[in-house]
Amino acid sequence: MTGVSRRRLLGTGALTAAGAVAASAAAAPPAAARTAPSGTALSADVVIVGAGLAGLTAARDLIAAGRSVVVLEARDRPGGRVYGLPLGDGTTAEGGAEFIGPTQDRIAALTNEMGVATFPTYNEGDNVYYRNGRRSLYATDGLLGAVPPDWGVLDLELALLRLGRMIEDVPVGEPWKAAKADEWDSQTFHSWSRSNSLSSGARFLMDVFVSSALSARSRDVSLLYVLHYAAAAGNADNPGSIDRLINTRDGAQELRFAGGPEQVPIRLAARLGDAVRYNAPVRSIATGGHGVTVTADGVTVSAKRAVVAMSPAIAGKIDFSPGLPASRAQLMQRYPMGSVAKFVGVYDTPFWREENLTGQALADSGAIDVTFDNSPPDGSRGILMGFINHDNVRRLDSASEEAVRAAGLESFGKLFGDRAKSPVRTAMMRWDNETWSGGGPVGLAPPGVLTGFGPALREPCGPVHWAGTETSDYWTGYMDGAVRSGERVAREVDEAL
Ligand SMILES: Cc1cc2nc3c(=O)[nH]c(=O)nc-3n(C[C@H](O)[C@H](O)[C@H](O)COP(=O)(O)OP(=O)(O)OC[C@H]3O[C@@H](n4cnc5c(N)ncnc54)[C@H](O)[C@@H]3O)c2cc1C
């Protein structure tokens, strides 16, 4: 049996016009029905490991270039870190990726191609700031934008100016080539922020920036990595910036997806039809004169080239033979995932809107440090979402579901009042416990990793190529970066074939 080629897809009608797909694919994720029967042997030009946005985009482009493709996915659904979290009443909320914003052109184009609509993130009124036991409100349409007016704000603004100048000196997608790469990669963001600010307010705000963007403590990542992440928050015409990373209006949190962002990978996977095999965790990749042999549970694929489309840490679970070059093998040992859970409370109404609140909050204590209004576009019910990040989520590792729920609701109550403590229902997605993600939202580089191992993020190892948002130049860490990486790897593989 062979992989699915463009001609076959067209012949069977699997690769149809966007409209036709949109009509049929808004339904449930593809089923275990396409699990390969045990012991299936397939061959294709290219085998792609992972049906997240990166792998699916690569498959789309390779098929369009006339190549036959098989995609092997460990889970029983496409989308990876893009997931509709069931709320227990037949509806879902964003359990993983959620927002899209300006300059995220490639996810925007794919969203459009899949016929998925977007709508503005609710952003009317004031944000909540909770620090040192005190709750205050602040508007985000002032000079400071999304930055709360803490006492340390002048100190912070000076630090941000310095960071802005450094970001300009980071080559997008190749931070290891920055003139000061060694210096910046030899310290954590924590050390830099402490040497470049005096007030506890500025320090807290820099920490919460790292927490909200990376679900990590500022001591977990190098300064160079943070500069790289911010330099990537743009496109060829608009240099990346911290403002674009943190802002809702004009920033990465500007828009949400009608029906959830998972509609994008679900519809794309539906177009690819039988090319995508679910419940097929890849255990080993063997390379040799013949190309590659990829062995997954129940299916083996022989191909000329392989694309591994996932974070470096998760790629490290695959057994490669012969072994990978040390730079790649050790990169996969040194690029850990952030730690994150999303906690969601569902209410009859978005009651905070009546109090002129956006539903967005920053807090220095409690389980949740960042919140958003995740209500449906028509506001017919209220949904609050809180991030439980880094130490906060690891601290709850062995807590019962009830204890985690209590901790989440205590945070909501502190930030939005007693009504927030009595939701109709709650739900939670713990990414750290997901075997095929191992955390989120993105892989992190501690000191020494980008300068020592960075080029191995994208450098092919013989017939094995690498994709995934971590490999992207622009918008690494985001859905846009995943799509860009899929498009880049498809060009790379097509040229190599
Ligand atoms: C909580 C959270 C919030 C986020 N918020 C946003 C946001 O608001 N906006 C935004 O743009 N991005 C956000 N992101 C990031 C975004 O989800 C990712 O950048 C993007 O989805 C990554 O896509 P990918 O294809 O590179 O990797 P993944 O989505 O991780 O895809 C990898 C795929 O490979 C599969 N896989 C792994 N190992 C194997 C194996 N051995 N064999 C076969 N298959 C395997 C996995 O199951 C998965 O489907 C968020 C992520 C999280 C977790």
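No value in this document is a laboratory result; all are computed from the given coordinates. Just so we're clear, the structure is a prediction, and the values are computed from it rather than from any experiment. Cβ: placed from backbone, ideal geometry, glycine included. Neighbour counts: every protein chain shown.
Here are the numbers:
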{"item": "Mean Cβ count within 10 Å, highest first, over the residues of peptides 240-253, 60-73, 302-315", "result": "302-315, 60-73, 240-253"}
{"item": "Cβ-based net charge around Leu214, under 13 Å, with every Lys or Arg adding one and every Asp or Glu removing one", "result": "-2"}
{"item": "Net +/- balance of residues flanking Gly145 in space, Cβ distance below 12 Å, scoring K and R +1, D and E -1", "result": "-2"}
{"item": "The stretch 110-173 shape via C-alpha gyration tensor axes, a/c threshold 1.5", "result": "oblate"}
{"item": "Helix-only CD estimate at 222 nm, as mean residue ellipticity for the chain, using -39500 (n - 2.57) per DSSP H run (n ≥ 4)", "result": "-9500 deg cm²/dmol"}
{"item": "Enclosed volume per residue, in Å³, of the convex hull spanned by Cα atoms of the stretch 59-139", "result": "205 Å³"}
{"item": "The chain: angle of helix 153-168 to the longest principal axis, Cα-based, in degrees nearest 10", "result": "30 degrees"}
{"item": "Lysines whose Cα lies under 29 Å from that of Lys304, excluding same-chain neighbours fewer than 8 positions away", "result": "Lys317"}
{"item": "Mean separation of Cα contacts under 8 Å, 6 or more apart, over the residue count of the stretch 267-411: relative contact order %", "result": "16 percent"}
{"item": "Gain in span if fully extended, Asp378 to Ala41, counting 0.36 nm per residue against the direct Cα distance", "result": "116.5 nm"}
{"item": "The chain: relative contact order in percent, alpha carbon pairs under 8 Å with at least 6 residues between", "result": "24 percent"}
{"item": "Long-range HN-HN contacts of Leu357 with modeled amide H, under 5 Å", "result": "Asp126"}
{"item": "5 angstrom amide H check on His465, placed H, neighbours 5+ away", "result": "Ala306, Val307, Val308"}
{"item": "Distance between the stretch 431-464 and the stretch 227-251 - C-alpha centres, whole angstrom", "result": "21 Å"}
{"item": "Under 13 Å, Cβ to Cβ, from Val449 - net charge with Lys/Arg +1 and Asp/Glu -1", "result": "-2"}
{"item": "Convex hull (Cα only) mean projected area of the stretch 151-242, reported in nm² to one decimal", "result": "5.5 nm²"}
{"item": "Relative contact order (%) - the stretch 151-242, alpha-carbon pairs under 8 angstrom, separation at least six", "result": "37 percent"}
{"item": "Antiparallel content of DSSP bridges confined to the chain, in %, to 5", "result": "65 percent"}
{"item": "Ordering of 227-234, 330-337, 161-168, 97-104 by burial proxy (mean other Cβ atoms within 10 Å per residue, highest first)", "result": "227-234, 97-104, 330-337, 161-168"}
{"item": "The chain: radius of gyration over Cα atoms, expressed as a fraction of 2.2 N^0.38 Å", "result": "0.95"}
{"item": "Listed peptides 410-419, 363-372 by packing density, highest first (mean Cβ within 10 Å)", "result": "363-372, 410-419"}
{"item": "Hz values of 3J(HN,Hα) by residue in the stretch 364-381 - Karplus curve (6.51, -1.76, 1.60), Gly and Pro given as x", "result": "9, 8, x, 5, 9, 10, 9, 10, 9, 8, 9, 5, x, x, 8, x, 5, 8"}
{"item": "Placed amide H near Arg283: partners under 5 Å, 5+ positions off or other chain", "result": "Thr295, Ala296, Asp297"}
{"item": "Helix 200-214 vs. the chain, principal-axis angle (Cα, 0 to 90°, nearest 10)", "result": "20 degrees"}
{"item": "The stretch 108-124 and the stretch 156-191: distance between their alpha carbon centers, rounded to Å", "result": "32 Å"}
{"item": "Cα-Cα P(r), the stretch 260-311, percent of pairs per 10 Å interval", "result": "21, 44, 28, 6, 0"}
